[in-house]
Amino acid sequence: MTSPHSIVRFVGLDPRAFFAPLPAPPDTADATVALWAGIGPADLDEQREAVRAEIGDTVDEVLSDPRLAAAAHSLPIRTGQRVVVLGDSISAEAGSWADLLAEVLHRLRPGATLLNWSLAGRTTAETVAALAPVVAHRPDWVITMIGTNDVRRHGVGSGVRMASSSAIAHARDALRERLHTETAAQLITLTPPPINPATVAANRSTGVWWELADIAEAVEAALVDDPTAIDVHATVSTGPDFWGADGIHPTRTGQRAILTAVLDGFRRPRWPGPPVS
């Protein structure tokens, strides 16, 4: 049975992206999440506060590391700037690396904001179709970590993939073109993180699964689209505690590792202007 805690994590701390595709008034989002989780509004607030406390503890740990603290302080995102994250469930879930980055910005860049417009299951093509609120937000930075669901397979036997290689390339081109044309944002590409090889066979038996070679293709598509991408897939530190049971979604430890890879990636000499301390 799905627990209230897992539902709150799945929807994310900010439910706007989750409910945007649905014909429901925005002000009913919290009530709907509470109803779905089988809890009251006060319990929903309590669940979210527990996640926020976890985020705070994780960021405390990150900033207590001198190397990571230096990387965080040197982020080129300026005070007062608007950041948008585009991704799938790896970024959308409450307590994700995106939420951790938002907390880092809250502490080190007063007035900077992060809108997490990620959604579970989202492909690159679906992201292109969901950009209207992002454009209206007038972001200064757009960070994308998308592609895992482009290569998601369905079917125990056939394993039909969501998108072909050419379709993935076309969707990435469309995403970049639309963001360049309709926003003035600095675009940052992150490659998708690894999956756990040990869970591929078990996931296939459920009819929804990923192949290692497909994930490698999704990573390559991101690097071809943006040769200056932060290669999370190649640089993130993984271990037995990186993934949850499905071998796809990171644990708290895994999300911290992704944040570490992102902070280290930002330190590469490719960003405009001097670092901000």
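Laid out as a table, the results:
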| read-out | value |
| --- | --- |
| Fewest-first sequence of I39, I188 by Cβ atoms within 10 Å of each Cβ | I39, I188 |
| For R82, net neighbour charge (Lys/Arg +1, Asp/Glu -1) across residues whose Cβ lies under 13 Å away | +2 |
| Kirkwood-type radius of segment 82-188, with distances r between different C-alpha atoms, in Å | 14.5 Å |
| Summed side-chain charge close to A92 - residues other than A92 whose Cβ falls under 13 Å, Lys, Arg +1, Asp, Glu -1 | -2 |
| Segment 58-91 versus segment 169-184: alpha-carbon centroid distance in Å | 24 Å |
| Coordinate range along principal axes, alpha carbons of segment 77-266, Å, largest first | 50, 34, 26 |
| Cα lying deepest toward the dipole's positive end in segment 77-266, options G121, G111, I146, charges on Cβ | G111 |
| Charge sum, other residues only, whose C-beta stays under 12 Å from R252's C-beta, Lys/Arg counted +1 and Asp/Glu -1 | -4 |
| Sequence-distant residues sharing a close amide H with V84 (under 5 Å, placed H) | L115, W141, V142, I143 |
| Cα-centre dipole for the chain with unit charges at Cβ (Lys and Arg positive, Asp and Glu negative), debye to 20 | 520 debye |
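Where a number appears in this text, it was derived from the coordinates with a stated rule and is not lab data. As the structure is a prediction and not an experimental result, all values here were calculated from the model. Counting neighbours? That spans all protein chains shown, and the Cβs are built from the backbone with ideal geometry, glycine included.
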